[in-house]
Each structure stands twice: as C-alpha cells, then as structure tokens.
1. Hand me the trypsin sites (Lys or Arg not before Pro) from segment 7-55 located in a DSSP loop with no more than 16 other Cβ atoms within 10 Å, in residue order please.
2. Would you mind counting up the charge near Ser78? Only other residues with Cβ under 12 Å from its Cβ, with Lys and Arg at +1 and Asp and Glu at -1.
3. Around Asp41, with a cut-off of 15 angstrom between Cβ atoms, what is the net charge of the other residues, counting Lys and Arg +1 and Asp and Glu -1?
4. Subtract the Cα-Cα distance of Asn55 and Arg11 from 0.36 nm times their separation in residues, and report this length gain in nm to one decimal.
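The numbers here are math on the coordinates, done by the rules we state, and not lab data. This structure is a prediction, so every number in the text was calculated from the model and none was measured. Glycine gets a Cβ as well: all are built from the backbone with ideal geometry, and neighbour counts include every protein chain shown.
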Amino acid sequence: MNFPNFLRIEREERDGSKHYVIHTNDPKFSMEIIPDASAPDKVGKGVMKRLHVPNSWAGDYSKYAKFVAAAQEFFRDSFDEPAPKSETRRFTR
C-alpha cells in the first residue's frame, strides 16, 4: 500500500525509543504509538498511546477512524525493508 501522506518519527530517549506517526495533509493529526510486544513480529500495528486531532474533529470518532487505521498500517509497514532511493527521492535534478 502507498502512504504518501504519512511520516514516522522515531526518537531515542533514556527510557527507550518513542514513535510518532504524522498525517501531513488534511486532516492533519499525529499519534504516539509503541510497538506491540505481543505481536509475532514484536511490532504489529502498534499500540496507540496518544492521539492529537484538530479541535473541529473532537468527538467525531467515525470521521478519523479510517485515518487512524491507515496510520497503524503505515506504522507496521514502515519497519519493512526500505524502499530504493529512486522510489523515495522527492527532488529530481
């Protein structure tokens, strides 16, 4: 699956690493997610710790449920083999 609007950020801290998945287009949102230790590959779709959505979406869970599911799928797929540079290059000369 293609995820052009998602970005995963991993930060190393004293307590271990933290992972954030960000949706860069409308609706812009971010979620803090941790790998699922009970999954067979120790990553799975991740366990959501925190979700930040626009105020206009507060309480309308059905509106962004499909985006959260896509973000979790992106999180799982982001641990696969990296794509070749020719596919991920954003700027061409």
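1. Loop-located and lightly packed - Arg14, Lys28, Lys42.
2. That sum, taken over residues with Cβ under 12 Å, equals -2.
3. That sum, taken over residues with Cβ under 15 Å, equals -2.
4. Once the chain is fully extended between Asn55 and Arg11, it gains 13.2 nm.
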